[in-house]
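Here is the structure we will look at, set down as structure tokens.
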Amino acid sequence: MPAEVRSRIFTQQVETALSAFAEPVFVSDEDLRSGAFADALPDVNAVITGWLSPKLSHLVAPTGGISFVSHAAGSVKLLAVEDALCAGHIRVSHSAPEIALAVAEFTLTQILAHLRLHREQDAALRGPMSWQDMRKGQLGQLLAAQNVGLVGLGYVGRLVLDRLRPFGCTVSVYDPFISPEQAEQLGVTLLDLETLFTRCPVVSLHAANLPATEGMIKRSHLESMAPGSLLVNTARAGLLEPGALVQVLQQGQIFAAIDTFDIEPLPVDDPLRQMPNVYLSPHCAGHTRESYIRQGLSAVEEVRRFFAGETLKQEIHREKAAMLA
């Protein structure tokens with residue numbers, strides 16, 4: 001991974017954990033940019049990767065020497081290891097569960113801030129509105145009284161569900177991979193996508209961005225939401241039909257908290273930047289100081305387990321490769 005990324009994830013604590021059982025080889029940014037980093041990895045059969053890592057397809061077994069990839073991030077798509085994983089030539093782990101915890105907390109924060117009018121009350125206190133007018137006219141809503149819709153119950157969706165439970169709200173879910181029996185065990189109501197958007201004044205997206213889910217959220221879904229509803233997207237912008245979100249937000253009927261965008265960084269002239277009913281963040285839901293360290297420690301621990309012949313905790317199994325986000 002580039003030095004700047006490594007400085008965040010590979011703290012002294014993480015490097016010490018790795019050095020306890022291995023001799024780490026760090027690839028320079030110059031070698032990463034040139035693509036000549038293979039020469040820097042003699043006799044290496046396990047690598048730790050991170051954000052902005054280069055493609056590894058030419059280095060993995062059987063043609064190359066690498067037989068294990070421990071990804072200190074979430075998606076491994078950009079590593080180009082899917083074919084080798086499916087063929088059984090390598091094993092792969094990732095740190096998605098560590099990132100998921102941060103995303104889940106961020107999601108809950110956005111929901112609560114919206115329902116309790118945190119941003120509006122803060123702005124009002126800095127403006128001319130009177131104290132009493134604020135107290136009377138800016139009444140928030142109880143999360144306990146809401147029906148929250150979750151689209152997808154993967155790593156993040158399950159953690160969001162866990163954090164919603166103590167509030168006592170109703171949770172509805174759209175996920176074609178969840179059976180009625182599982183839904184009953186989880187205490188959620190399974191709904192089709194159309195019904196979920198109609199019934200839930202808060203909808204949070206947590207589905208993987210796959211060919212089957214590309215553009216799955218249509219303009220009609222968003223327009224069916226009740227006035228004042230909130231859409232939270234900490235997943236991927238590609239889940240929404242192109243242009244649909246901007247068109248519906250411009251109508252001013254719903255709100256959105258958006259952490260992922262079609263173009264990143266978000267252009268300065270993007271209309272989303274000018275909308276008062278949009279809460280924007282720079283694709284940072286999964287980023288915290290503690291999460292970086294946890295990602296590094298998780299990746300190192302998987303390498304230790306791999307060398308020791310122990311069961312991997314975060315392994316991506318080959319039968320799941322086609323569903324990788």
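The values are calculated or read from the model by the stated rules, or taken from the named source; none is laboratory data. Bear in mind that the values here come from a model prediction, so they are computed numbers and not experimental data. Cβ placement follows ideal geometry from the backbone for every residue including glycine, while neighbour counts extend to all protein chains displayed. These accessible areas exclude ligands, DNA and RNA; they are computed on the full protein's heavy atoms, side chains included. Shrake-Rupley method; radii C 1.70, N 1.55, O 1.52, S 1.80 Å.
Here the condition is being basic (Lys, Arg) and touching a Gly at 6+ places or on another chain (Cβ under 8 Å); of ARG116, ARG135, ARG33, ARG91, it holds for ARG116 alone. Across region 39-61, the qualifying residues are those that are within 19 Å of ALA3 (Cβ to Cβ), in a loop (DSSP other than H, G, I, E, B) and small (Gly, Ala, Ser), and the one among them that is modelled with the lowest pLDDT is SER53. Taken as a whole, the condition of being among the β-branched types (Val, Ile, Thr), free of Cβ contacts under 8 Å to residues at least 40 places away in the same chain and touching a helix residue (DSSP H, G or I) at 6+ places or on another chain (Cβ under 8 Å) applies to THR189. Taking every residue in region 198-224 that is more than 12 Å from ILE254 (Cβ to Cβ) and pairing it with any residue that is among the β-branched types (Val, Ile, Thr) and in a helix (DSSP H, G or I), at least 6 positions away or on another chain, the pairs with Cβ-Cβ distances below 6 Å are SER204/THR107; HIS206/VAL156. Scanning region 1-38 for residues that are in contact (Cβ under 8 Å) with a residue 12 or more places away in the chain and either closer than 19 Å to GLU290 by Cβ or part of a helix (DSSP H, G or I) (or both) yields a total of 16.
Screening LEU230 against (1) buried (at least 20 other Cβ atoms within 10 Å of the Cβ); (2) farther than 16 Å from THR107 by Cβ; (3) aliphatic (A, V, I, L, M) leaves a single unmet condition, (2). Of all residues in region 234-251, those that are among the polar types (S, T, N, Q) and touching a helix residue (DSSP H, G or I) at 6+ places or on another chain (Cβ under 7 Å) total 2. Selection over region 227-259 of residues that are touching a strand residue (DSSP E or B) at 6+ places or on another chain (Cβ under 6 Å) and either within 21 Å of ASN209 (Cα to Cα) or β-branched (Val, Ile, Thr) (or both) gives a count of 10.
Quick check on region 277-311: of everything there that is assigned to a loop (DSSP other than H, G, I, E, B) and of a type in the set (A, V, I, L, M, F, W, C), which residue is surrounded by the fewest Cβ atoms within 10 Å (Cβ to Cβ)?
Pass one, region 277-311, residues assigned to a loop (DSSP other than H, G, I, E, B): 277, 281-288, 309-311.
Within this subset, residues satisfying the condition of being of a type in the set (A, V, I, L, M, F, W, C) are 284-285.
Numbers: CYS284: 12, ALA285: 25.
This residue is CYS284.
Close contacts from region 278-306, counting a first residue that is over 25 Å from ALA46 (Cα atoms) and in contact (Cβ under 8 Å) with a residue 40 or more places away in the chain and a second that is assigned to a strand (DSSP E or B) and open to solvent by 30 Å² or more (accessible area, probe 1.4 Å), with Cβ to Cβ under 9 Å and a gap of 6+ residues or different chains, come to TYR279/PHE255.
Taken over region 62-112, the criterion of being part of a loop (DSSP other than H, G, I, E, B), open to solvent by 10 Å² or more (accessible area, probe 1.4 Å) and in contact with a helix residue (DSSP H, G or I) (Cβ under 7 Å, 6 or more places away or on another chain) is satisfied by GLY74, GLY88.
Give me the residue from region 236-264 that is assigned to a loop (DSSP other than H, G, I, E, B) and farther than 24 Å from LEU108 by Cα and, out of that set, least open to solvent (accessible area, probe 1.4 Å). Break it down into steps so the answer makes sense when it comes.
First, pick out the residues of region 236-264 that are assigned to a loop (DSSP other than H, G, I, E, B): 236, 241-243, 250-254, 259-264.
Within this subset, residues satisfying the condition of being farther than 24 Å from LEU108 by Cα are 241-243, 250-251, 263.
On the way: GLU241: 68, PRO242: 112, GLY243: 37, GLN250: 121, GLN251: 85, ILE263: 105 Å².
Across region 236-264, the extreme among qualifying residues is GLY243.
In region 29-39, is there at least one residue being closer than 22 Å to ALA308 by Cβ and out of contact with any His (no Cβ under 6 Å at 6 or more places or on another chain)? Within region 29-39, not a single residue is closer than 22 Å to ALA308 by Cβ and out of contact with any His (no Cβ under 6 Å at 6 or more places or on another chain). Counting only helices (runs of 4 or more DSSP H) wholly contained in region 117-201, the ones carrying 2 or more residues that are more than 25 Å from the chain's Cα centre (by Cα) and surrounded by 15 or more Cβ atoms within 10 Å (Cβ to Cβ) occupy 118-125. Within region 78-96, the set of residues being small (Gly, Ala, Ser) and farther than 12 Å from HIS317 by Cβ comprises ALA80, ALA84, ALA87, SER95, ALA96.
Selection over region 53-73 of residues that are of a type in the set (Val, Ile, Thr) and in contact (Cβ under 8 Å) with a residue 60 or more places away in the chain gives a count of 0.
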